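Before any comments, here is the structure.
The values are calculated or read from the model by the stated rules, or taken from the named source; none is laboratory data. In this text the structure is predicted, and so the values were computed from the model without any measurement. Here Cβ is always computed from backbone atoms with ideal geometry, including for glycine, and neighbour counts include all displayed protein chains. Accessible surface is based on the protein model in full, side chains and every heavy atom, while ligands, DNA and RNA are left aside. Shrake-Rupley method; radii C 1.70, N 1.55, O 1.52, S 1.80 Å.
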Amino acid sequence: MAVKFLETTQVGTIYNQDEVAAFDAETEAELIKAEVAEAVEAPKGKGGSTAAQA
């Protein structure tokens with residue numbers, strides 16, 4: 001799983017609104033609980049964060 005950020009957020013680095021990134025399950029749960037991200041399918045490819053294609 002991965003998360004899509006709903007607002008600009010810093011998690012070690014800055015993630016902008018609509019960026020998608022994968023984290024460990026605990027971090028993803030915390031971001032979702034804090035309502036700064038929503039769960040999405042993990043992006044396919046080389047890994048790392050990627051801007052969501054809307």
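In the range 1-11, of all residues being free of Cβ contacts under 8 Å to residues at least 24 places away in the same chain and of a type in the set (Val, Ile, Thr), the one that is most open to solvent (accessible area, probe 1.4 Å) corresponds to 8.
Residues that are modelled with pLDDT under 95 and on the phi > 0 side of the Ramachandran plot: does the range 4-17 have at least one? Yes: one or more hits. Residue 14 falls short on exactly one of the conditions (1) open to solvent by 80 Å² or more (accessible area, probe 1.4 Å); (2) assigned to a helix (DSSP H, G or I); (3) of a type in the set (Val, Ile, Thr), and that condition is (2).
Scanning the range 26-52 for residues being of a type in the set (Gly, Ala, Ser), more than 11 Å from the chain's Cα centre (by Cα) and modelled with pLDDT of 95 or more gives a total of 1.
Within the range 17-40, residues that are more than 14 Å from residue 1 (Cα to Cα) and open to solvent by 60 Å² or more (accessible area, probe 1.4 Å) reach partners that are among the β-branched types (Val, Ile, Thr) and in a loop (DSSP other than H, G, I, E, B) with beta carbons closer than 9 Å, at six or more positions or on different chains, in the pairs 17/8.
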